[in-house]
Amino acid sequence: MWDYILKIIVIGDAAVGKSSLLVRLTEDRFLVDSDPTIGIEFGSHLVTLETGERIKLQVWDTAGSEQFRSITRSYYKGSAGCLLVYDVSERSSFEHLPSWLKDVRDQAEEGATVALVGNMADLPEERRQVTQEEGAAFAEEHGLLFYETSAKTGANVHAVFNAVAKHVYERHKAQGTPSTQGPPHISLDARPLEGGCCL
């Protein structure tokens, strides 16, 4: 059972490890030789806050290739959280971040929490093309959370999803968002503990 449902999208260039992050989160394993995502993949995960309240994350893993971009944009609607992922060993995936971030700002919920994620941080230093300092600077400039992760080892994967969930929860509470009523599109949606219809 859970108290709230939160929609999170995972976006970024193809082959930066978005699907691997989702599988690590939901199945606690490394996705070896993953095929490119066609459209959208979905997973869910339960986060327990320090208050004891539980948030069910609905995580939407989007295709990174340009041919699916018009399709995947439709899934941004109602997203209160986003992981913007790049590969620390692929400079171009970092350089494309402004375009992805614009999509989020235009399409997701207003004020959506965005975490910048430098994935594949387990790779040897000589393969790295984007420094941790560069990632942190981009995040600071645009008001994003920042984590470097490794879907292979699991480093910081749960931490970044938990941080996004906590940030969205605290933002909605601070704004005084009613927990059991309000517009249908609200992304932090209180669920009756005795059950009820699923989203």
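Scanning the range 98-117 for residues that are in contact (Cβ under 8 Å) with a residue 60 or more places away in the chain and more than 14 Å from residue 76 (Cα to Cα) yields a single hit, 117. Can you work out which of the residues in the range 142-173 that are out of contact with any helix residue (DSSP H, G or I) (no Cβ under 9 Å at 6 or more places or on another chain) and of a type in the set (A, V, I, L, M, F, W, C) is farthest from residue 89 (Cα to Cα)? The qualifying residue farthest from residue 89 (Cα to Cα) is 168.
Considering the range 18-50, and only residues there that are surrounded by 14 or more Cβ atoms within 10 Å (Cβ to Cβ) and part of a loop (DSSP other than H, G, I, E, B), the residue that is modelled with the lowest pLDDT turns out to be 37. Screening the candidates 137, 112 for the property of being more than 16 Å from the chain's Cα centre (by Cα) and small (Gly, Ala, Ser) yields one hit, 137. Tally time: how many residues in the range 89-105 are surrounded by 18 or more Cβ atoms within 10 Å (Cβ to Cβ), part of a helix (DSSP H, G or I) and over 15 Å from the mean Cα position of the chain (by Cα)? Residues flagged as surrounded by 18 or more Cβ atoms within 10 Å (Cβ to Cβ), part of a helix (DSSP H, G or I) and over 15 Å from the mean Cα position of the chain (by Cα) within the range 89-105 amount to 2.
Among the residues of the range 128-147, is any surrounded by fewer than 20 Cβ atoms within 10 Å (Cβ to Cβ), farther than 16 Å from residue 61 by Cβ, among the basic types (Lys, Arg) and touching a residue at least 24 places away in the same chain (Cβ under 8 Å)? Yes, the range 128-147 contains a residue that is surrounded by fewer than 20 Cβ atoms within 10 Å (Cβ to Cβ), farther than 16 Å from residue 61 by Cβ, among the basic types (Lys, Arg) and touching a residue at least 24 places away in the same chain (Cβ under 8 Å).
The values are calculated or read from the model by the stated rules, or taken from the named source; none is laboratory data. Bear in mind the structure is a predicted one, so any value in this text is a computation, not a measurement. Note that each Cβ is placed from the backbone with ideal geometry, even for glycine, and that neighbours are counted across all protein chains shown.
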